[in-house]
Amino acid sequence: MSDKTRFGLDETRIPEAWYNVIPDLKTPLAPPKAFAPDGTELTMDQIGERLAMLFPAECIKQEMSPERYIDIPGAVIDVYKTYRPSPLLRAKALERVLGLPEGIKIFYKYEGVSPAGSHKPNTAIPQAYYNKQEGITKLSTETGAGQWGSALAIAGALFGIDVEVFMVKVSYEQKPYRRILMETYGGTVHASPTSLTDAGRHVLAMDPDSTGSLGIAISEACEVAIKDPGTHYALGSVLNHVCIHQSIIGLEAIEQMALAEEEPDVVIACIGGGSNFAGLAFPYYRRKLDGKSNARLVAVEPKACPTLTAGEYRYDLGDEAGMTPQLLMYTLGHDFVPAGIHAGGLRYHGDSPLVSSLVHDGEVEAVAVDQTACFAAAVQFARAEGILPAPESSHAILAAINEAKAAQAAGEDKVILFNLSGHGHFDLAAYAQYNAGELRDFDFAAGATLHEAE
Ligand SMILES: *Cc1c(COP(=O)(O)O)cnc(C)c1O
């Protein structure tokens with residue numbers, strides 16, 4: 001066992017291909033479904049035509065690809081090299097603070113080193129690249145906490161594509177600095193729901209005070225793309241091509257854990273739409289199929305939006321207004337508007353169909369946690385390790401700490417690996433509320449307040 005703390009990789013060792021879990025699923029991938037206004041089901045060709053209004057051909061191809069490994073374009077690798085490989089660290093100080101015995105070790109992969117401060121550029125960069133190749137001049141998108149919007153704004157600036165962002169209103173108000181960041185990179189940002197689209201106007205007519213949701217913002221962004229042939233839509237999570245691009249996280253982590261001479265017993269990541277979880281966990285899933293790993297794969301979601309632990313496994317729309325095809329996934333219903341928790345990136349009614357399929361088949365576990373407990377874990381982590389986590393990432397930290405404590409109570413050895421999906425430098429208003437004892441936990445059913453933070 002190495003006594004080092006940081007396990008880097010030379011940039012020449014960035015993986016040259018992404019991993020695609022589709023051919024390795026237990027149950028074959030269920031195709032998307034879509035219906036005409038009169039209720040007749042569309043054929044796959046018709047769905048393909050609709051998708052072509054939103055996405056570049058290469059992303060649509062990846063969406064259904066049977067290839068286990070997909071080459072990363074050289075131009076994408078060149079940009080990846082500006083911040084990858086991301087570091088893998090052992091949380092030795094946190095282990096000490098927790099009083100863990102020798103045999104319990106916590107490692108984390110840190111995606112906050114990207115220019116956007118999260119894992120999101122891992123897919124924003126290839127998506128902008130593929131769109132540019134197709135002659136697209138503008139990308140429209142939604143953003144929750146602002147992480148995805150910033151990542152796409154950066155990628156748009158790098159590849160010379162305009163970016164228009166529909167930002168969920170609760171986050172737009174809580175996180176002005178994310179908006180400023182996007183605008184500085186040249187993006188245009190609206191608080192969603194807006195009166196710029198049919199979908200937004202419809203929501204505002206029903207509820208003028210709507211705090212918005214990812215589902216509503218996706219409808220608005222899709223509508224903009226469908227109405228303009230030079231504009232495509234870009235999604236920062238959920239879809240299979242996004243999970244493929246994020247596999248760079250786990251592919252690097254496997255090599256870095258080898259440098260640490262450790263094999264994780266449990267691999268943990270937070271889950272909103274599923275992409276950072278998929279990114280870290282899917283390459284480990286493949287490793288399990290190869291007989292080289294026994295790791296449990298654990299997805300951590302907020303109790304205010306408990307898609308995997310309390311949702312239904314069925315076909316549902318990806319957005320509020322029905323612009324997207326239906327996907328087979330765990331869902332709380334496409335009209336579900338979660339309470340305004342600070343982990344804005346985890347406020348999505350559905351989940352990646354790939355992650356959902358593996359949860360349904362018992363290959364992936366899911367747990368739900370409260371936001372105040374997450375902030376307590378985040379502060380403990382920040383004081384020990386020096387990195388201020390994004391509120392989303394704090395869900396993974398809490399689950400990792402809980403795994404460590406459970407192993408200690410059981411007298412077991414355990415190697416824990418979690419993804420620290422981003423830093424929290426733009427989430428200081430949330431930390432201010434937590435520090436002042438003003439944060440609450442929410443029941444998912446009604447957005448009702450359960451109890452005050454102590
Ligand atoms: C967007 C985001 C998430 C959640 O999205 P996934 O697609 O589930 O990974 C988690 N952490 C951070 C920092 C994010 O920006």
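The values are calculated or read from the model by the stated rules, or taken from the named source; none is laboratory data. Note that the coordinates shown come from a computational prediction; the quantities given were computed from them, not determined experimentally. Ideal geometry is used to build each Cβ from the backbone, glycine not excepted, and the neighbour counts take in all protein chains shown. Ligands, DNA and RNA are stripped out before the accessible areas are found, and what is left, the full protein with its side chains, is counted by its heavy atoms. Shrake-Rupley method; radii C 1.70, N 1.55, O 1.52, S 1.80 Å.
Label separation (Met206 vs Ala409): 4.2 nm, computed from points 7 Å beyond Cα along the C-beta direction. Among the listed pairs Lys61/Lys120; Lys120/Lys169; Lys26/Lys303; Lys61/Lys292, those with a Cα-Cα distance over 24 Å are Lys26/Lys303; Lys61/Lys292.
Cα to Cα, under 16 Å, and not fewer than 8 places away if on the same chain: which lysines meet these conditions relative to Lys227? Within the straight-line cut-off, Lys227 pairs with Lys138. The mean accessible area for residues of the chain, using a 1.4 Å probe and ignoring ligands and nucleic acids, is 37 Å² per residue. A cut-off under 11 angstrom between Cβ atoms defines the neighbours of Lys26, and their net charge, with Lys, Arg +1 and Asp, Glu -1, is -3. Using alpha carbons only, how many degrees (0 to 90, rounded to 10) separate the axis of helix 121-133 from the longest principal axis of the chain? Tilt relative to the chain: about 30 degrees. The angle between the Cα long axis of helix 147-159 and the main principal axis of the chain comes to about 70°, on a 0 to 90 degree scale. Only protein heavy atoms count here; on that basis, with a 1.4 Å probe, Arg68 has an accessible area of about 90 Å².
Counting only protein heavy atoms and a probe of 1.4 Å, the accessible surface of the chain is 51% carbon and sulfur. Tally Lys and Arg at +1 and Asp and Glu at -1 over the other residues with C-beta under 15 Å from the C-beta of Thr143: what net charge comes out? Neighbour charge sum, excluding Thr143 itself: -2. Helical runs assigned H by DSSP (4 residues or longer) give the chain a calculated mean residue ellipticity at 222 nm of -12000 deg cm²/dmol, each run adding -39500 (n - 2.57) before division by the residue total. Spin-label pair Thr82-Asp361: with each label point 7 Å from Cα along the Cα-Cβ axis, the two points sit 3.7 nm from one another.
Neighbours of Met44, meaning other residues whose beta-carbon lies under 13 angstrom from its beta-carbon, give a summed charge of -2 when Lys and Arg score +1 and Asp and Glu score -1.
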